[in-house]
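The structure appears below as structure tokens.
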Amino acid sequence: MLRNLSKSLCYIQQNLVNKLCVATTGAMHTSSIQFVNKKEQEGEEDEFDKQRLASAKIRNLERLGTIKSHYSWPQYNRIIYPPAQNGQPIRNPFVHHMRHFIKYPAKKMWYPAFLIRGMSIDEALKQLSFHRLKGADIIKEVLLEAQDLALKQHNFEFKSNMWISYSTAVDSFSVKGVRKHRAMRLGVVEYKYCTYYVRLEEGSPPAKYELQSETYDARAKEYLEKLRKRSIHLSI
């Protein structure tokens, strides 16, 4: 009786050992496959993770009020306008582009940005090539990026058949530091960052862009008219 029990226990133990061996080898095989798949996916997810971390940092800075949110500018490229009706002017194709966190003050960046308004893309690149400010080189790079974007993603026909309808630079944020002077004196250093916006339109530039662009007087009159049209709610 005892001999039969011992034989049955040995048989059960051997079966359990065999099953454990098969399970461990299968798990090792699946883990090796998963490890290979993970390595293949790492290369694809690296770029996505970098963009996600960068956007998370930007959102945190916006939440703290350190920087302003100017990321609605490229969203104008996604607007789909209805077809023009009879008698309405045809809307020219356009591209909005920007570059943020440029380590350069917006006051200096504004001069070359305002210079190229109303110019064709070729003329603007020529003028920026001879400009002495450092911001002109940055604007030239952004214009080349916008030109390439217009050709590849927005179906512009010709490389030179576009002009700058809007170009400006605004303050992004600033970082303050400390500089040491003699005799235990300290001075505040401010590192300023700016954001540059540009809008390209297909076609030739207008003959008198200054008359078509919005002036400060027109904006002031529009603001005054808006104030005069105010009304008190639920009044007589």
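A few remarks follow.
- Here A183 qualifies as more than 23 Å from S72 (Cβ to Cβ) and surrounded by fewer than 17 Cβ atoms within 10 Å (Cβ to Cβ).
- Scanning segment 105-150 for residues that are under 19 Å from C194 (Cβ atoms), buried (at least 18 other Cβ atoms within 10 Å of the Cβ), of a type outside the set (G, A, S) and touching a residue at least 24 places away in the same chain (Cβ under 8 Å) gives M109, P112, I116, R117, I138, I139, V142, L143.
- Every listed requirement among (1) among the aromatic types (F, W, Y); (2) in a loop (DSSP other than H, G, I, E, B); (3) modelled with pLDDT under 90; (4) within 22 Å of the chain's Cα centre (by Cα) is met by Y81 save one, (4).
The values are calculated or read from the model by the stated rules, or taken from the named source; none is laboratory data. Bear in mind the structure is a predicted one, so any value in this text is a computation, not a measurement. No Cβ is skipped: glycine too gets one built from the backbone with ideal geometry, and neighbour counts run over all protein chains shown.
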